[in-house]
Amino acid sequence: MTTLKKFLMYGSWILLFFIFSQIMIYVAINTTYKYKNVEIYSASITQAEVQATSINGFAKGKITAGAQNKYIKVECYSKNDVLMGTKYIKIETNEEQEFEVKFNCSRVDNVKIEIVDEIPNDITEEQKISDPEMNAAMVITALILLISFG
């Protein structure tokens with residue numbers, strides 16, 4: 001009976017430590033995002049904001065109706081006006097909608113957002129989709145590797 005109590009106690013400590021570390025990781029990651037300058041080059045985009053860390057970020061905004069079958073172009077620039085990366089998102093509906101673009105560009109200082117009719121032919125598939133965010137499976141895997149080999 002005492003062995004079962006010990007296992008339950010150790011299991012509860014491990015569970016509590018896991019929950020605590022997940023909360024601290026979430027807080028640490030989300031407090032490192034800073035607001036960046038946004039330049040909007042289209043009247044269809046009513047509002048936009050960009051937040052970025054030193055290695056990645058995201059742009060959120062709202063577009064008005066009437067821009068169906070067009071693309072939102074998001075260009076990321078450094079503080080020396082060097083183009084760090086470009087992302088495109090297709091606008092599917094003809095209604096007012098919100099958009100969000102995730103990007104993996106280092107040291108972004110300024111972002112330019114516009115609506116374009118077409119995308120160039122030399123654009124890669126990675127530039128047409130939003131970068132994925134870290135999901136729970138990736139975090140758990142990283143923690144297991146850190147505990148095992150750290």
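The values are calculated or read from the model by the stated rules, or taken from the named source; none is laboratory data. Being a predicted model, the structure only gives us computed values, none of them experimental. Counting neighbours? That spans all protein chains shown, and the Cβs are built from the backbone with ideal geometry, glycine included.
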(request) Note down all Cβ pairs under 7 Å where the first residue falls in the stretch 26-47 and is aromatic (Phe, Trp, Tyr), the second is not in a strand (DSSP E or B), and they're at least six residues apart or on different chains. (result) 33/53
(message) Tally up the residues in the stretch 104-148 that are at pLDDT below 75, farther than 17 Å from residue 23 by Cα, surrounded by fewer than 10 Cβ atoms within 10 Å (Cβ to Cβ) and not acidic (Asp, Glu), please.
(response) 1
(request) Using the structure shown, decide if residue 33 is of a type in the set (Phe, Trp, Tyr) and either within 20 Å of residue 103 (Cα to Cα) or exposed (fewer than 10 other Cβ atoms within 10 Å of the Cβ) (or both). (result) yes
(message) Being without any contact (Cβ under 8 Å) to a residue 24 or more places away in the chain, among the acidic types (Asp, Glu) and part of a strand (DSSP E or B) is the requirement here; does residue 100 meet it?
(response) no
(message) Exactly one condition in (1) on the phi < 0 side of the Ramachandran plot; (2) at pLDDT 90 or above is false for residue 44; which is it?
(response) (2)
(request) Give 86, 32 a once-over and let me know the one that is assigned to a loop (DSSP other than H, G, I, E, B) and under 19 Å from the mean Cα position of the chain (by Cα). (result) 32
(request) Answer yes if at least one residue in the stretch 86-98 is among the hydrophobic types (A, V, I, L, M, F, W, C) and within 26 Å of residue 121 (Cα to Cα), and no otherwise. (result) yes
(request) Could you please find all residues in the stretch 38-57 being surrounded by 12 or more Cβ atoms within 10 Å (Cβ to Cβ) and part of a strand (DSSP E or B)? (result) 38, 39, 40, 45, 46, 48, 49, 50, 51, 52, 57
